[in-house]
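Asks: After the structure tokens below, expect a handful of questions from me.
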Amino acid sequence: MLLRVFTIACAIFLWPQVGQAESAARALQKEYATQSIVGFFAKRGGSKWDFEVQSHSGGRRSCSTRHGADLAKTGQHIKTKKHIKPMAFSVNKERYVKTKKIEKWFKRNCKWT
């Protein structure tokens with residue numbers, strides 16, 4: 001849960017925001033803040049981005065192993081090799097528009113966070 005909070009914090013503080021995307025991200029930030037004993041700190045979220053955990057296949061993985069160091073570029077899923085759309089708002093504005101969609105992808109693909 002805490003890693004989810006920090007990931008959202010990164011999304012909010014590191015990428016440009018406008019309109020609906022900002023509203024959805026801000027709403028999630030407020031919701032997660034009520035569930036956390038720690039506040040939002042972009043710097044701490046950035047360190048969590050590179051934090052590695054053991055994968056089911058025996059390897060190591062982190063947010064950055066899937067999404068890459070440059071969030072304006074396409075990432076790649078380690079196991080399936082499917083492309084992951086860029087996370088940077090400047091390149092992929094629809095990524096942060098709908099709260100329900102953000103939650104869906106966290107639940108589906110970020111269980112270990």
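The values are calculated or read from the model by the stated rules, or taken from the named source; none is laboratory data. The shown structure was predicted, so the numbers you read here are calculated from the model rather than taken from an experiment. Please note: Cβ atoms are built from the backbone with ideal geometry, for glycine as well, and neighbour counts cover all protein chains shown.
Asks: Can you tell me which condition residue 53 does not meet? The list is (1) at pLDDT 70 or above; (2) of a type in the set (Val, Ile, Thr); (3) within 16 Å of residue 97 (Cα to Cα), and all the others hold.
Replies: (3)
Asks: Taking interchain pairs and intrachain pairs at least six residues apart, which have beta carbon atoms under 7 angstrom, with the first residue in the range 87-101 and under 12 Å from residue 73 (Cβ atoms) and the second modelled with pLDDT under 85?
Replies: Final answer for the pair search is 87/95; 88/15; 90/15; 90/16.
Asks: Out of (1) modelled with pLDDT of 85 or more; (2) in contact with a Leu (Cβ under 9 Å, 6 or more places away or on another chain); (3) part of a helix (DSSP H, G or I), the odd one out for residue 46 is which?
Replies: So residue 46 meets the others, but not (1).
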